[in-house]
Amino acid sequence: MNPVLEIVAVCKKFSGVVALDDLKFTIEEGEMRGLVGANGAGKTTLLNVIGGQVMADSGIVRIAGLDVAKFSPWRRAGLGLGRTFQESRMWADLTTAEHFGIAIDASRRIAGRAAPNHAVDDICSLVELPKVMLERMPAQMRLLDRRRVELAMATLNASNLLLIDEIGAGLDVEEARMLYRLIARLIDRRCVRAAILVEHKLELLAAFATGISLIENGKASQHADCKDAARLALLMSSMFGHRSDAAAEVLQQRKGLQ
Ligand SMILES: Nc1ncnc2c1ncn2[C@@H]1O[C@H](COP(=O)(O)OP(=O)(O)OP(=O)(O)O)[C@@H](O)[C@H]1O
Ligand SMILES: [Mg+2]
């Protein structure tokens with residue numbers, strides 16, 4: 001079977017700034033892959049190049065075997081691609097139920113007659129959102145529940161690949177852990193074939209992801225399987241540089257989160 005995602009020799013510059021540099025990257029079915037790296041390393045640009053919000057200057061982006069590098073975001077969504085963004089993107093004057101209505105409508109338009117029938121109750125249980133939230137607007141909800149709504153909306157259309165950008169930002173570790181458990185469960189239940197998650201809280205990725213890739217200067221410079229503690233420690237050590245004890249700390253915290 002084709003990999004869920006294959007990226008070959010992708011380059012992207014923004015007026016002289018190299019954001020992605022000859023990047024190579026593959027995601028297989030069942031993977032929950034973390035992306036880590038310093039600010040400005042190219043993580044969000046990579047998600048944008050996959051989702052079509054940014055077009056690569058060169059290279060191949062294949063989703064389920066099809067080269068989508070020239071496809072619009074809408075056309076890529078038709079291949080089962082869902083996305084959450086670094087900044088919350090809920091509409092201030094719409095309730096959660098109205099958000100779900102829009103997402104259901106969009107997934108029907110995208111998938112046509114093949115669209116599954118989504119019931120709002122099922123969507124709430126998918127992300128463990130209390131039903132009382134359905135009538136609330138974003139300002140009346142805590143960030144954790146807003147993130148649940150965004151995750152649910154992205155998942156409705158993510159039969160192939162879910163792209164998640166810093167969903168844990170602004171949450172405490174316990175709250176972020178709840179979201180990570182939900183995402184792992186979505187993959188286990190095959191609601192989505194695979195997920196890519198940009199995250200700065202390394203202990204969360206070490207606890208829940210199947211693997212972690214380090215992005216440095218627009219390249220995927222290292223990869224570690226999360227079952228391989230020695231490799232994981234190595235990847236983290238090269239991230240933390242001078243702080244040689246930091247990797248051990250992260251691996252210790254990981255145990256408490258699992
Ligand atoms: N639309 C844009 N226009 C100009 N430069 C951009 C644009 N998007 C990204 N860049 C630049 O590309 C590089 C990579 O940015 P990117 O947002 O992908 O980093 P990141 O790894 O997601 O960082 P962070 O952890 O801070 O979110 C940075 O130098 C950034 O300033
Ligand atoms: Mg980013």
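The set of residues in the stretch 202-230 that are farther than 22 Å from GLU29 by Cα and in contact with an Asp or Glu (Cβ under 9 Å, 6 or more places away or on another chain) comprises GLU203, ASN217, GLY218, LYS219. For the stretch 34-69, the candidate set comprises residues that are in a helix (DSSP H, G or I) and more than 9 Å from ligand 1 (Cβ to nearest atom); within that set, the residue that is surrounded by the fewest Cβ atoms within 10 Å (Cβ to Cβ) is GLY51. ALA139 passes every criterion in (1) hydrophobic (A, V, I, L, M, F, W, C); (2) closer than 14 Å to ARG89 by Cβ; (3) surrounded by fewer than 16 Cβ atoms within 10 Å (Cβ to Cβ) apart from (2). Answer yes or no as to whether ARG76 is surrounded by 12 or more Cβ atoms within 10 Å (Cβ to Cβ), of a type in the set (Lys, Arg) and either assigned to a helix (DSSP H, G or I) or more than 16 Å from ligand 2 (Cβ to nearest atom) (or both). Here the answer is yes, as ARG76 does meet what is asked. For the structure I just gave you, tell me whether GLY82 is in contact with a Ser or Thr (Cβ under 7 Å, 6 or more places away or on another chain) and either away from ligand 2 (no atom under 16 Å from the Cβ) or within 21 Å of GLU175 (Cα to Cα) (or both). Considered against the rule, which asks whether it is in contact with a Ser or Thr (Cβ under 7 Å, 6 or more places away or on another chain) and either away from ligand 2 (no atom under 16 Å from the Cβ) or within 21 Å of GLU175 (Cα to Cα) (or both), GLY82 comes out as yes.
Condition check ((1) within 16 Å of ligand 1 (Cβ to nearest atom); (2) on the phi > 0 side of the Ramachandran plot; (3) aromatic (Phe, Trp, Tyr)) across all residues:
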position	(1), (2), (3)
PRO138	no, no, no
ALA154	no, no, no
SER159	no, no, no
LEU162	no, no, no
GLY170	yes, yes, no
ARG181	no, no, no
ILE187	no, no, no
ALA194	no, no, no
VAL198	yes, no, no
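ASP93 falls short of the stated requirement of being surrounded by fewer than 12 Cβ atoms within 10 Å (Cβ to Cβ) and part of a helix (DSSP H, G or I).
Taken over the stretch 29-52, the criterion of being away from ligand 2 (no atom under 12 Å from the Cβ) and over 23 Å from PHE208 (Cβ atoms) is satisfied by VAL49, GLY52.
A short reminder: the numbers here are calculations on the coordinates, not readings from a lab. None of these values were measured; they are calculated from a predicted model. Note: ideal-geometry Cβ built from the backbone for every residue, glycine included; neighbour counts use all protein chains shown.
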